[in-house]
Amino acid sequence: MSLLIPAQDPIQTRVNLLGRFYIERQAQRIRLSTRKTESLLAYLILHPQRHGREKLAALFWGDSSDTEARNSLRNALASLNKKLGHNLLLVDRQSVFINPEYPIQVDALEFEAQATRFLAAPTPDLYQVNIALYQNDLLSDFYDDWIFPLRDHYRSLFVKTLLQIAQQMRSQSEYETAIDHARKVIAFESANEHAHQQIMFCHAARGNRNEAIKQYEECKRALMQELGVEPAPETAALYAWIKQTPVETNPFEARITNLPFPLTSFIGRKRELNEVKEKLRSGRLLTLTGSGGSGKTRLAIQLGTDLIDSFADGVWWVDLTALTDQALVPHSIAKALGVHEVANQTLLETLAHVLRSKRLLLILDNCEHLIETCAFAAHFLSERCRHLKILTTSREALNAAGEQIWLVPALSLPVPRKVSVADLLLEYEGIRLFVERAQTATSDFAITEKNASLVIQICSRLDGIPLAIELAAARTKLLSLEQIADRLDDRFQLLASGSRTAPERHQTLQAVMDWSYRLLNEREKRLFRSLAVFSGSWDLNAVETICTANGHLEKSEILNLLSNLVDKSLVVREEAQKGKSRYRMLETIRQYALVALTQLGESYEIQKHHLDYYVKLVKDANAHLGFFLRDQEMHAHLGALSPEHDNLRTAIFFCEAHPSFIGTGLEMAGNLHWYFLVHNHLREGRDWISRLQANQTVIPPQIHALANLTLGFLACWQGDFVSARPSLTTSLKLFEEINDPAGSAFSLLGLGFAANGLGEHAEASQCLEKCLLTARRIDDRWLISIALHFIAISSSFQGNYETARSQFEECIELVSEGHGTAQGIAFSEFHLGRIARIYSDFGSSFSHHKNGLELFRDIGDLRGIGYSLFGLACLAYAEENLQRAAILFGATDSIRERLGTLLETVLQVEYERTSSEVQSMLGEKRYAARWKEGYEKSLEQIVRLALSPR
């Protein structure tokens, strides 16, 4: 849908949804015949996918008979076409949706797009979001049930945007503007504690102590009235700090800190915080280095927060992210501190004069693109201000005199438990030597009950020779213990080299890269360039296969070459997972390698080898058209694919860019059906296949059929049943033409799935019975199991509950015999739970839903978790536990938004009716509070709550 239409467009139509509903065209208001018609138009705009007519009729005229509801829908659609033109809607006998080519401007969609970009941007631009678009809550004078979750969504987006702007303004010492935006939040959410904190701080920073205290009292009052809670400990601590500040304190002295208030909690890093604090105590200039996204900024904020009381003149934050001119670094520092230029002095000299006697911590965030000026400024100020401490964050060190450097590590896994057996092993000299040398290479290495046998095996097989043990221990920097033990059959290759002295530092990033590259020998250079083909991370087997396929490098030398690149900081080794280490390049380094790869004409060949490797990885001989695997095989298969998502995406992009590989890409994507589903990549999977299909290349019918089958099923999993049908119809036709009965049966299964979802149960039964007939004919127990499952769903949706119960139980029995997966059992448990609830057998209902939810959780099926939460929400309503029901509905909506999924028509109607009843009985305000609680809970928290006794 077009969001922005040039003002001069004579047919421009504007629809206002934020606040009161109205339509304008050429400055003229257009009035629709009924409120239901207005609500229908708003629904279609905000849900631009295809909608079945039956679903729309039930949603908007559910209190009428089926015939009256269909007539009302027909009249409403005719009214919309008459008022806004026949090209507004795309309508057929079964579905309705907004024409994506219709020129329409919608305030809600404009605001959502702008706010989403703003919040996601690494360097947010305040001018890219128009707050004035949000005049009021979505359709503020409408009370349709479908509106409430969306209304909360848009308000949440509005509040987050205002808070982000307020925080950004505060960090730039624009306190008045920050207060204005925080007050707008309070106008909508009087108990928003983050907004109250921002206003308290800004008043205090401007020296308005009394106003800050008044704001705290207002916050405390609102929290008690709205939520019945006291202010959070952080708010109370801020209040205590403000209260102890003397009334006569001038603004500069009042501004103890301008640190940003993080909107997310700080996770872990206790050890890292203690290490960094100790380094800052012992020196005056400390740089936190690390790759983008490693947490340098968040760690610096937390460190500054913890040290506020240690610096009498405060902790000061200077965000250099958006700055592009080196000369403006001193101005940014001065602005944060409230220091003004003085005649006949450079700004740095003025800053040095002001800070000379101050006990202050200055934090410069994101220095890497301004490295030269930041280094000079930090050195200049620290040399002249003996009580000043400076903390900087940067992807590379400043290389300033007196600088300490600390590499920010990735978030760690739990430290293994120390056990007495491991302690006893350290009494042996060979074991102790290995551990001490391993800790030199990898500081967090420890011997544990889990790895003790591997350490014994390595040291024993090396005959206790000290040099061999030292060299093996040094390999823990690159390999897991399992990999070292496995490679001891070729131990001379494994232990061929030790550590080397790190390369000399240079002034600029380009010079560092050029220098590092020149220090490599020709074979290291070739591997370095070849590694640029990977996206994200990769494992050793992938490098050994892909980078040796052209014959320029030998497999036997890859380990040493890769080890050299790790030692020279050109490749990073990640924590070992399941006994296998993975590696990655920092993106800056990868880009440098990619340029070199392209310039030397090597990229096409290595990309082909990359594609071949991942095509082979994706294929699985035991998969039914990329769909069902036995549980044990599924976990092993998906375990291999899970960390490779970036590389799979890169392989697909290569196919898309080279028409001769379109068929390969479609086959690969078609075989990823189960992966897309279990790992919640439904949208991306559909996008991959659709983009590849857009190319008109002729491909074999078997691959064409497979791709359409997967595309259709992915649409079904998202609840987009109307879009699924054409793809599944095509796959059925193609499978029948090539005489593939299993493929035909799966296509019929998908068509039955889609028909069930649209409420067309007679059509569903026909397709599913044909599928079952084929499955029995070819004696495929898998197909029999899944066909029975969907037939059971159809029975259930038609109210034949006893028949459905028997069919679901037969499905579970078949799966238990090995003909299906845990997911099949889990969905059967969901439906059995629903049937038990309908029969008021609440104990059995909870037991079934609990079993299903535990299975979905264990296999990581987010969509299935959403179904289970929905079922448990309906059960909570039936048991009159309304607050629990509202929380579970909030959590369900969070998952549905994340995946873009819809429920089948029968379940959707049930969902809307039940959630509406809960809201009506609780009251709008209480329902919204509990719904929000569920919406914002983490997945782990909500699953724990759902599984807890009612």
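The values are calculated or read from the model by the stated rules, or taken from the named source; none is laboratory data. As the structure is a computational prediction, the values presented were derived from the model and not from experiment. Cβ: placed from backbone, ideal geometry, glycine included. Neighbour counts: every protein chain shown. Just the protein is used for accessible areas: all its heavy atoms, side chains included, with ligands, DNA and RNA removed. Shrake-Rupley method; radii C 1.70, N 1.55, O 1.52, S 1.80 Å.
Per-atom-type breakdown for the chain gives carbon and sulfur 50% of the accessible area (1.4 Å probe, protein chains only). Judged by the mean number of other Cβ atoms found within 10 Å, the most tightly packed of the peptides 701-713, 727-739, 434-446 leads the ranking 701-713, 727-739, 434-446.
According to the square roots a ≥ b ≥ c of the eigenvalues of the Cα gyration tensor, what is the shape class of the range 66-136, taking rounded for a/c under 1.5, prolate for a/b larger than b/c otherwise, and oblate for the remainder?
Values: a/c = 2.92, a/b = 2.88, b/c = 1.01.
Taking the square roots of the gyration eigenvalues as a ≥ b ≥ c, the range 66-136 is prolate.
Summarising the amide proton neighbourhood of I30: residues at separation of 5 or more, or on other chains, whose placed amide H is nearer than 5 Å comprise I23, E24, R25. Measuring between their Cα centroids, the range 320-361 and the range 771-841 lie 71 Å from each other.
With the cut-off at 26 Å, tell me which of the pairs K450/K555; K296/K335; K335/K389; K450/K580 have Cα atoms farther apart than that. Don't skip to the answer; put the middle values down first.
Working: K450/K555 31 Å; K296/K335 23 Å; K335/K389 18 Å; K450/K580 15 Å.
Beyond 26 Å: K450/K555.
Summed over the residues of the chain and divided among them, the accessible surface reaches 44 Å² per residue at a probe radius of 1.4 Å. Residues of the range 516-541 with amide nitrogen under 20 Å from the 7 Å Cα-to-Cβ point of Q457? Within reach of a label on Q457: 540-541.
Shape class of the range 520-600 from the alpha-carbon gyration tensor: oblate, with a/c at 1.5 or above and b/c at least as large as a/b.
Once you have a ≥ b ≥ c as the square roots of the Cα gyration tensor eigenvalues for the range 51-93, tell me rounded if a/c is under 1.5, and otherwise prolate or oblate according to whether a/b is larger than b/c. Show your work: numbers first, answer last.
Values: a/c = 2.67, a/b = 1.84, b/c = 1.45.
Prolate shape, in that a/c is at least 1.5 and a/b is the bigger ratio.
Comparing A327, N800, A120 along the charge dipole axis of the chain, the residue lying farthest to the positive side is A327, per the Cβ-charge model. Size of the chain: Rg and Dmax of its alpha carbons, in Å, are 31.5, 95. Counting every pair of alpha carbons in the range 270-407, the share spaced more than 28 Å apart comes to 9 percent.
Rounded to the nearest 500, the helix-only mean residue ellipticity at 222 nm of the chain stands at -19000 deg cm²/dmol, with each DSSP H run of n ≥ 4 adding -39,500 (n - 2.57). In this structure, the amide hydrogen of T287, modeled 1.01 Å from its nitrogen in the peptide plane, lies closer than 5 angstrom to those of T392, Q404, I405, W406, counting only residues at least 5 positions away or on a different chain. Solvent-accessible area of K932, all protein chains in place: 80 Å² (probe radius 1.4 Å, heavy atoms, ligands and nucleic acids excluded). In a simple Cβ point-charge model (Lys, Arg +1; Asp, Glu -1; nothing else charged), the chain has a dipole of about 1420 debye relative to its Cα centre.
Put the Cα centre of the range 656-722 next to the Cα centre of the range 196-245 and the gap is 54 Å. Solvent exposure of E917, expressed as accessible area, is near 80 Å², computed with a probe of 1.4 Å over the protein chains only. Only Lys, Arg, Asp and Glu carry charge here, each on its Cβ (+1 for the first two, -1 for the last two); on that basis the range 520-600 has a dipole of about 100 debye about its Cα centre.
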